[in-house]
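Below you'll find the structure, written out as structure tokens, and then a few comments.
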Amino acid sequence: MSTKSPLLSLPGAVPAEGRDEGVAAHYGDLFREQRTLADGAGFVDLSHHGVVTVTGDDRLSWLHLLLTQHVSGLPAGQATDALILSANGHIEHALYLVDDGETVWAHVEPGTREALVAYLESMKFFYRVEVADRTDDFAVVHLPAGSITAVPEGVVVRETAHGRDLFLPRADLTDFAAAHGPAAGILAYEALRVEGHRPRLGFETDHRTIPHELGLIGSAVHLQKGCYRGQETVARVHNLGKPPRRLVFLHLDGSEVHLPAHGDPIRLAADGPEGRQLGFVTTSARHHELGPIALALVKRNVPVDAELIAGTTAAAQETIVEP
């Protein structure tokens, strides 16, 4: 179940649906909210994300054994991304984490925290670690890159090139919004994510996605670390082959009223709407400058210059992951 944000009571708030249920889709002006974030102002309520912590003397060395990322010597305050893979190398969990010197803090996609905590608990063995679901106590708030908003004292911050994620006490969320608005909805955040070619678990992934397809080698997968579940697949594809699919960025026909939905088929424009399916739309958005855009997963052998159809919408592609 999602956690309903108190910020849904702000003027103009329209609730998001689907995986982002529990926060606002927008507050009445999608493009204004996008421009505000792009200018380094405002904030995004991500309080529907799960918050998981790991404490104990062995926390980093233990997580190093489980994650795709090299975290055994992670400096305090340095943000990183990491995955947990299946035995076959398919992406199961994505963690956006930082260590504060005593605790590893991670936020995770809505609806995934229970399974993640259960998996981590099952792998504790004799390691000196404690895993906790802190979602009821802490809410994630995103400040865009360039923001000069002062972080409240004592709040853990995860800083990346895309902005800062704050692990804010949930009880302080309403007061933070009053002091540091304007709030921007999840649709504005998602449009900038699509523009930035940043994949998201549950959107750009399905049950058989491997990291190479999304361009996550290097950013979330470290190739020179010790063993972890799924490493054999990662190494084999990296050294001996190519992934079966690749992530692409799409410029969509702006004359269409409706955006293609997640899962809508991708086909060659030359083959028409009845042609063979070559992939699917993962996320679509309306961008304040670029117009309608999308991310999609397509078969690796789709020509990089091919005109495509996303659902029923004409689309021109840009390469994210090389074929």
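Where a number appears in this text, it was derived from the coordinates with a stated rule and is not lab data. Quantities reported herein were computed from a predicted structural model and do not represent experimental measurements. Cβ placement follows ideal geometry from the backbone for every residue including glycine, while neighbour counts extend to all protein chains displayed.
When Rg and the Kirkwood Rh are both derived from Cα coordinates, the Rg/Rh ratio for segment 32-111 amounts to 1.06. Evaluating 6.51 cos²θ - 1.76 cosθ + 1.60 at θ = phi - 60° for every residue in segment 131-141, the Karplus couplings come out as 9, 9, 8, 10, 4, 6, 9, 10, 10, 8, 10 Hz, glycine and proline recorded as x. Please report the net charge: other residues with Cβ closer than 11 Å to the Cβ of residue 64, K and R +1, D and E -1. Within the 11 Å Cβ shell, the charges total +1. Quick check on segment 44-158: take the gyration tensor over C-alpha atoms, sort the square-rooted eigenvalues as a ≥ b ≥ c, and tell me if it's rounded (a/c under 1.5), prolate or oblate. Verdict is prolate for segment 44-158. Sequence-ordered 3J(HN,Hα) estimates for segment 311-316 from the Karplus curve with 6.51, -1.76 and 1.60 and θ = phi - 60° stand at x, 10, 9, 5, 8, 10 Hz, glycine and proline given as x. For residue 25, the amide hydrogen comes within under 5 Å of the amide hydrogens of 14, 16, 186, counting only partners 5 or more places away or on other chains and with H modelled in the peptide plane. Around the Cα centre of segment 32-137, unit charges on the Cβ atoms of Lys, Arg, Asp and Glu (plus for the first two, minus for the last two) sum to a dipole of about 220 debye. Along segment 204-218 the Karplus relation, 6.51 cos²θ - 1.76 cosθ + 1.60 evaluated at θ = phi - 60°, assigns HN-Hα couplings of 7, 10, 10, 5, 10, 6, 10, x, 4, 5, 9, x, 9, 5, x Hz to successive residues, with x for each Gly and Pro.
For the chain, what is the calculated [θ] at 222 nm in deg cm²/dmol (nearest 500), taking -39500 (n - 2.57) for each run of four or more DSSP H residues and dividing by its residue count?
-5000 deg cm²/dmol
Residues whose amide H comes within less than 5 Å of that of residue 245, counting only those at least five positions distant or on another chain, are 300 (H built at 1.01 Å from N in the peptide plane). Close amide-amide hydrogen proximity is noted between residue 163 and 145, each under 5 Å apart and 5 or more residues distant or on a separate chain (H modeled in the peptide plane; Pro and chain starts excluded).
Working note: Debye formula, equal point scatterers on the alpha-carbon atoms of the chain, no solvent; log10 I(q)/I(0) at q = 0.11 Å⁻¹ is -0.72. Note on the chain: with charges restricted to the Cβ of Lys and Arg (+1) and Asp and Glu (-1), its dipole about the Cα centre is near 840 debye.
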